[in-house]
Amino acid sequence: MSASAPQIANAPPARHNQARNPGIALDAAMFEGHPVNRAAAERRAGTLTARRSVKKANQAAWLVNAIRCIDLTTLAGDDTEGRVHRLCAKARQPLAAHIVDGLGIAELELHTGAVCVYPTMVPHAVAALEGTSIPVASVATGFPAGLTPLAIRLAEIRYAVEAGADEIDIVITREHVLRRDWAALHNEVRQMREACGHAHLKAILATGELETLRNVYCASMVAMQAGADFIKTSTGKEGVNATLPVSLVMVRAIRDYEMATGHRVGFKPAGGMKTAKDALAWQILMKEELGNDWLRPDLFRLGASSMLADIERQLEHHVTGRYAASHRHAIA
């Protein structure tokens, strides 16, 4: 079966149009005792791409849409102002001009969903993206471990927001999940939400360290109840990062939360996703489980950097019929 392409021509810009999730009081009845069948989740995840064949013009449209949803990221210890400026230049013009012309999408003014950096790099990203609608996202709260004292983590959030960050990617305390101390987790994320002020909060669950899919579901629900605007799989630093079964559990938690509260929450898989094929797989998951509204950057992000190079390579093949060497595409 061929999957039809997402509608992108009249899509909204990346900067936030989606109403924020105000959160609710902790309600354990929404998740305690909720069963998660690992074998069934893995089986369902395995069918997502096996039953879908996205080819030619439809594949090109899906890949263009994926670019709109990428959080183009650099989180290296040797990040510099120059590297951030190169990353932002790529975010502003993610495809070579001849590919844009060949696809006939110049009017889209295509750019990535956001640029994601460390807090001290935020001012450089803000300056490089001035005059665009591209949000600046910053990791915070002692990323990636998240084990610094809470007061310091909250101060780091405020620092990044004051520096100009539009979005904050926080990491939860995994111990709260492993001990099933849901009140502590809710209180922590709620304080982080308040520290974010106008900036959107993306809660990283570090799912590779939560042991069970049931824990993933519970942590997802608590983070949303505490006011997270997005839930995110991973820091990218764990041994196991984004996987389709974990993502399936998280997006079903998002669906359950919307049904219970009326509030929509976004989803961001991150870590280990490097290819255009990955971009297609996660978009198919969003379309089938949550619908077309979650195929836009207000509600869906892909945490990646190297993925963009492979998408550009695939789109050049669509335009020219030839694959270019990876080094021919500018990457930050």
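The values are calculated or read from the model by the stated rules, or taken from the named source; none is laboratory data. Every value quoted in this text rests on a predicted model; they were computed, and no experiment measured them. As a convention, Cβ positions derive from the backbone with ideal geometry for all residues, glycine included, and neighbour counts pool all protein chains shown. Heavy atoms of the whole protein, side chains included, go into the accessibility calculation; ligands, DNA and RNA do not. Shrake-Rupley method; radii C 1.70, N 1.55, O 1.52, S 1.80 Å.
Of note:
For every residue, the table says whether it meets (1) at pLDDT 95 or above; (2) buried (at least 19 other Cβ atoms within 10 Å of the Cβ); (3) among the charged types (D, E, K, R).
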{"residue": "P13", "(1), (2), (3)": "no, no, no"}
{"residue": "P22", "(1), (2), (3)": "yes, no, no"}
{"residue": "A28", "(1), (2), (3)": "yes, no, no"}
{"residue": "W62", "(1), (2), (3)": "yes, yes, no"}
{"residue": "R86", "(1), (2), (3)": "yes, no, yes"}
{"residue": "K90", "(1), (2), (3)": "yes, yes, yes"}
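- Residues satisfying the stated conditions in segment 57-74, i.e. within 20 Å of F267 (Cα to Cα) and either touching a strand residue (DSSP E or B) at 6+ places or on another chain (Cβ under 7 Å) or not basic (K, R) (or both): W62, L63, V64, N65, A66, I67, C69, I70, D71, L72, T73, T74
- Within segment 151-161, being open to solvent by less than 60 Å² (accessible area, probe 1.4 Å) and farther than 21 Å from E209 by Cβ holds for L154, A155, I157, A160, V161.
- Residue within segment 70-80 that is of a type in the set (D, E, K, R), open to solvent by less than 60 Å² (accessible area, probe 1.4 Å) and under 22 Å from D293 (Cα atoms) present: yes
- Residues located in segment 223-276, provided they are open to solvent by 10 Å² or more (accessible area, probe 1.4 Å) and closer than 18 Å to A29 by Cβ: R252, R255, D256, E258, M259, A260, T261, G262, H263
- Residues that are touching a strand residue (DSSP E or B) at 6+ places or on another chain (Cβ under 9 Å), β-branched (V, I, T) and surrounded by fewer than 21 Cβ atoms within 10 Å (Cβ to Cβ), drawn from segment 121-150: V126
- Looking only at residues in segment 95-151 that are polar (S, T, N, Q) and outside any helix (DSSP H, G or I), the one that is farthest from the chain's Cα centre (by Cα) is T148.
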